[in-house]
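First the structure, in the form of C-alpha cells, and then the observations on it.
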There are 4 protein chains.
Amino acid sequence: MSDPKNEKIPYSLNSQKVATATREWLHKRGVKLEEIAELVMLLQKKYYPDLTMEECLDNVNKVLSKREVQNAVLTGIQLDILAEEGKLFSPLQEMLENDEGLYGVDEILAFSIVNVYGSIGFTNYGYVDKLKPGILERLNDKSTGETHTFLDDIVGAIAAAASSRIAHRKQAEREQQLEGITSELPED
Amino acid sequence: MSDPKNEKIPYSLNSQKVATATREWLHKRGVKLEEIAELVMLLQKKYYPDLTMEECLDNVNKVLSKREVQNAVLTGIQLDILAEEGKLFSPLQEMLENDEGLYGVDEILAFSIVNVYGSIGFTNYGYVDKLKPGILERLNDKSTGETHTFLDDIVGAIAAAASSRIAHRKQAEREQQLEGITSELPED
Amino acid sequence: MSDPKNEKIPYSLNSQKVATATREWLHKRGVKLEEIAELVMLLQKKYYPDLTMEECLDNVNKVLSKREVQNAVLTGIQLDILAEEGKLFSPLQEMLENDEGLYGVDEILAFSIVNVYGSIGFTNYGYVDKLKPGILERLNDKSTGETHTFLDDIVGAIAAAASSRIAHRKQAEREQQLEGITSELPED
Amino acid sequence: MSDPKNEKIPYSLNSQKVATATREWLHKRGVKLEEIAELVMLLQKKYYPDLTMEECLDNVNKVLSKREVQNAVLTGIQLDILAEEGKLFSPLQEMLENDEGLYGVDEILAFSIVNVYGSIGFTNYGYVDKLKPGILERLNDKSTGETHTFLDDIVGAIAAAASSRIAHRKQAEREQQLEGITSELPED
C-alpha cells in the first residue's frame, strides 16, 4: 500500500555511492590515480621543484572528492562504454566511436572538471590534451578496440584541476612562511 | 582486399545526417519547434513589440543548424532515453531518473548551446529554466513516466540562444535604418 | 643596492589584502552583504523552509573567501568606477556607461563566480538577474549617475553561488541524519 | 530644452565603431593580424597540409568580426593599458602588473573568444598559451615595461577560435567533394 507521506520523501542521493562509483569506474577503465598524479607532476615540477608524487596524488584525490567532477566522470565513462558496445543511436554512435573532430561534448565535460578550481587550469588542460603524455597516449590508442573519447579528456582535466589546487595551496604556504603568521589554508 | 590507401581516409561525418537526426529526435521526444519559438516570443516581445512568431521560428531553426547545438541535443536526448529505459549504470541511472539536484551535467550541456551566440543569453536561460513556461512545464511533469532531465534544459537553452541571435540581428537592422547605410548583417 | 638573490624572489601576492579589498570595495559601492544574503534567502527558502538569514550570510562570506570570486569582484568594480569617471577609451566607455545590450563581459565575469560551486547555480543566476529583486533593482537604477554595469551581475552571481553551496551542504546534512553516520561535510 | 521623446531613444551602439576600434587597438598594442595567422598555421598545418596563410588570415578576420570577440579584446586591452599606466586600484594594480598566477580573469576573457566557434578550440588555446610561440613570446617578455597580461591570452584565443572555424569549414568542403553536392557552407 502506498503511503502518501512516503511519496513526499524526496529522492535522496547517497553521496558516498557516487564517490565510490567514480573511483571504481576509473579503475575498471584502466586509469590508475598514480598515472593522473604523474601528469600533475609533469605540469607542475618546473614551478615547484620540491613537489612530491604523494602531494600530486593527494591533490588528485581531492579533485575526485567533488560532486561536479564525479558527475562528469560517470557520465563520460558511461557514454564511452555505450559507444564501445555499439548501443548509441546513429549518428551519435559513429561520432563517439570515431572521436569525431567536430564533436566537442567531451571537451565540455572536461571543462566542468577544470573549472572546479577556477580558470587558471585552462592552459594546463589544453597542453596535456594536445601533447598526450603518459596515460593519455594509451587512452588515445585507437588500435585497442576500446573507446575513450570522453575519458582521455576527463583524465587530462583532473590533472589540470589538481594543478590549479596545488597553485592555490602553494601560494597559501608561501604566505605563511613569508609572514610568519598562521593564516588559514584556503578551503577546498 | 584491403586497400592501404583507403585505410588512411579518415572517418568523415555526414553533417546533413547529424542535422536531420537532431530535428527528428526533438520531434520524437515531443518537442515542436513552434513551442520553442513561443518561449523565444515570451522572452523577447517586450524588447521588440513587432517581433513575429515566424521570426522566432526562423531563429530557432538557425540555432539548430549549428553543430555545437546538434551535438548537445543528441547527447542529452540519448542520455534521457537510456535513463528512461533503465539502461545506465548505478548511481548515474538514479541521478538522471530523479533529475537529482546536485547533478549539473544537464546545465553544462545547456550552456554549450546558450554560448553559441555569446554570454548575453545566460540570463534568458536561467529565467525560463526557473519559471518553466509552456513546453518546459510539460517536460518537467514527473508523473508521465518519461525522463527529460536533459531535454528541458536543452529546450530552454535553444530558446535563449535564439533570443541572443535576435538581439544581434535587431541591432544590425536598427543601425541600417538609423544610418541609411546598407551595412552587412552579422554573419551567423 | 640590488641583491641578485632578491631579484629572483617572485612577486608574491598577499592574499589577505585581496580578500580585504574585495569586502571594502563592495561596501564602498553600496552593497551590504546582508542584502546579498536576502537574495539567497529569496532563492532558497522554498527548498529549505528552516533556512536562516545567518546561514545565508555565512554562505555569502564563504563565497567571498574564494580568490576566483575576489578577482572578478575587483575587476568588475574597477571597470564600473572607471566608466563612471569617464576614463575608458571610446567606444568601451559608451558601452559600459550605457550597459549596452550586446556587451556581455559582465555576464562572463558573473559566470566565473557562479561556477565556483558548479553548474547547478546557472539557473539561479539567470533568475535573479532577470527579476532584479531587492538590491539588484537599486543597482540597476540608471537615474543615479552611478554605473553598476558589472556590479549588478556580480551581486546576483554571488547570491547564486551561495545558493549552490547551500544545496551541497544541505545534501550532506540530510545524508548524515538519514544514515546516522558522521560523514564528512564536503570541503569547500 | 530637453525633448522627452528624445530621452526615450535608447542608446544605440555603432557596431562599425566597435569593430574598427578593435583592429586599431590590436595594432597600437603591437599585434599584427599576420602574426595571429601564423599561430593558426602552426596549429593547423598538420591537419590541412594545403592550408595557406591567406586562409589563416581570412579566418582571423572572421573571428574579429564577432561582437563577443570585440568586447573581450577592447576590455582586455583597456585593462592592460591602465595597469601599464599604474591607474588601477590596489591590489588589482599589482596583480595585473605582475601577471599574478592566481589571477584568472585574463583566461576567462580568452575563453569567451575561444567559445565563439565551440568547445573544440579549448585544446588549441591551452597549447599555444603554454608554448608561447611567435608573437606570444614577445607579448610575454616582461623586460619591456609593457603590460600584456590580457593581450597574450587574447591573441592565443583568437588563433584558437580561427582554428575551430577552419575545422568547421574544411569539414563542409570535404563533404561537398565527397558527395558531389553543393551543400551549403556553415553559417558563421
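The values are calculated or read from the model by the stated rules, or taken from the named source; none is laboratory data. Since the model is a prediction, treat every value here as computed from it, not as a measurement. Glycine also receives a Cβ, built like all others from the backbone with ideal geometry; neighbour counts cover every protein chain displayed. With ligands, DNA and RNA removed, areas are computed over all heavy atoms of the protein, side chains included. Shrake-Rupley method; radii C 1.70, N 1.55, O 1.52, S 1.80 Å.
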ask   = For chain B, which span is the longest to avoid every loop-located (per DSSP) member of trypsin sites (Lys or Arg not before Pro) having at most 10 other Cβ atoms inside 10 Å?
value = B:47-188
message = Can you compute the modelled spin-label distance between B:GLU173 and D:ALA172, with each label point 7 Å from Cα toward Cβ, in nm?
response = 2.3 nm
ask   = Magnitude of the Cβ-charge dipole of chain D, K/R +1 and D/E -1, about the Cα centre, nearest 20 debye?
value = 320 debye
query = Do any of A:LYS130/B:LYS28; A:LYS130/B:LYS66; C:LYS66/C:LYS130; A:LYS17/B:LYS17 go past 28 Å between their Cα atoms, and which?
reply = A:LYS130/B:LYS28; A:LYS17/B:LYS17
ask   = Can you give the average number of partner chain beta-carbon atoms within 10 Å of each beta-carbon in peptide B:62-70, as a whole number?
value = 4
inquiry  = I'd like to know how the protein assembly as shown sits against the 2.2 N^0.38 Å rule of thumb: what's its Cα Rg over that expected value?
reply    = 0.92
request  = Would you mind working out the magnitude of the charge dipole of the protein assembly as shown relative to its Cα centre, with +1 at each Lys and Arg C-beta and -1 at each Asp and Glu C-beta, to the nearest 20 Debye?
outcome  = 0 debye
Karplus 3J(HN,Hα) series, Hz, for segment C:46-55 with 6.51 cos²θ - 1.76 cosθ + 1.60 (x for Gly, Pro) = 6, 8, 10, x, 8, 4, 9, 4, 4, 4
Rotational relation C to D, axis-closest Cβ in chain C, residue and distance rounded to whole Å = C:ILE108, 3
key: Accessible surface of C:THR52 - all protein chains present, 1.4 Å probe, nearest 10 Å²   = 60 Å²
query = If the convex hull of the alpha-carbon atoms of segment C:29-177 is projected onto planes in all directions, what is the mean projected area in square nanometres?
reply = 8.8 nm²
note = Sorted shortest first, the nm distances from the B:TYR48 label point (7 Å along Cα→Cβ) to its counterparts in the other copies are 3.1, 4.1, 5.1
request  = Would you mind telling me the share, in percent, of accessible area of the protein assembly as shown contributed by carbon and sulfur at probe 1.4 angstrom?
outcome  = 51 percent
Most positive-pole-ward Cα, D:ALA157, D:PHE111, D:VAL128, against dipole of segment D:103-160 from beta carbon charges = D:VAL128
query = In nm, what does the list of distances from B:GLN16 to its counterparts in the other copies look like, shortest first, when each label sits 7 Å along Cα to Cβ?
reply = 4.0, 5.7, 6.9
note = Summing -39500 (n - 2.57) over every DSSP H run of at least 4 residues in chain D and dividing by its residue count gives a helix-only mean residue ellipticity at 222 nm, to the nearest 500 deg cm²/dmol, of -20000 deg cm²/dmol
ask   = How much accessible area is lost when chains C and A come together, counting both sides, with a 1.4 Å probe, in Å² rounded to the nearest 100?
value = 1600 Å²
message = Can you give me the accessible area per residue for the protein assembly as shown, using a 1.4 Å probe, in Å²?
response = 42 Å²
remark   = Placing +1 on each Lys and Arg Cβ and -1 on each Asp and Glu Cβ in segment C:29-177, then taking the dipole about the Cα centre, the residue among C:ILE36, C:VAL60, C:ASN71 whose Cα reaches farthest towards the positive end is C:VAL60
task = Provide the convex hull volume over Cα atoms per residue for segment B:99-188, in Å³.
result = 100 Å³
request  = Would you list, by chain and number, the aspartates and glutamates whose Cα falls below 12 Å from the Cα of D:LYS87, excluding same-chain residues fewer than 8 positions away?
outcome  = D:GLU97
request  = Quick one: with label points 7 Å out along Cα→Cβ, list the inter-copy distances for C:ASN140 in nm, shortest first?
outcome  = 2.0, 4.2, 4.6
task = Please calculate the 1.4 Å probe accessible area of B:HIS168, with all protein chains present, and give it to the nearest 10 Å².
result = 40 Å²
note = Stokes-Einstein D for segment A:93-144 (4 °C, 1.567 mPa s, Kirkwood Rh from Cα pairs), in µm²/s, comes to 105 µm²/s
